[in-house]
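Derivation of every value follows stated rules applied to the coordinates shown; laboratory data play no part. As the structure is a prediction and not an experimental result, all values here were calculated from the model. Every residue, glycine among them, receives a Cβ derived from its backbone with ideal geometry; neighbour counts consider all protein chains shown.
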Amino acid sequence: MTTDTTPHSRAYDLLASVLSNKFEVPSEAIVPTATFEQLDLDSLAVVELFVVLTEELGIEVQDGEADPDLTLAGVADLIAEAVKP
C-alpha cells in the first residue's frame, strides 16, 4: 500500500485490499498494470468486484465500465472520479 493520500492512491489501496481479502488475489499479483484477465478474474468476478466497491464506497460504477482489459490503475481512476464531490 502507498502513503500517498490522493483520491487515486486511496482508491487503488482500497481496490488492492478488496482484491486480496475478498477475491484472494495474491498480493504480489496486484500491480497497477495488471488486468482482470491477468488476475484470473472472470466476468462474473469483475461484476461482483464492482458491486463490492459500489457498496463499500456508496458510488455508482456503470456495468459497461467493467472491461476485463481495464488495468487496476484504470479502475482506481474510475473510483477516484466517482468519489469526487
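Assuming R0 = 22 Å, what is the FRET efficiency of V18 and D69, from their Cβ-Cβ distance, to the nearest 0.05? Let's see the in-between values first.
Numbers: r = 19 Å, r/R0 = 0.88.
For R0 = 22 Å, the calculated efficiency reads 0.70.
With contributions of -39500 (n - 2.57) from each DSSP H run of at least four residues, the per-residue ellipticity at 222 nm computed over the chain stands at -16000 deg cm²/dmol.
Here semi-axes √(5λ) of the Cα gyration tensor in Å was calculated from the structure, and among [x] 30, 16, 11; [y] 17, 16, 11; [z] 20, 13, 12 it sits at label [y].
Here is what passes the span test in the chain: the DSSP H helices with alpha carbon length of 18 Å or more along the helix axis and a Kyte-Doolittle mean of -0.5 or above are 7-22, 43-57.
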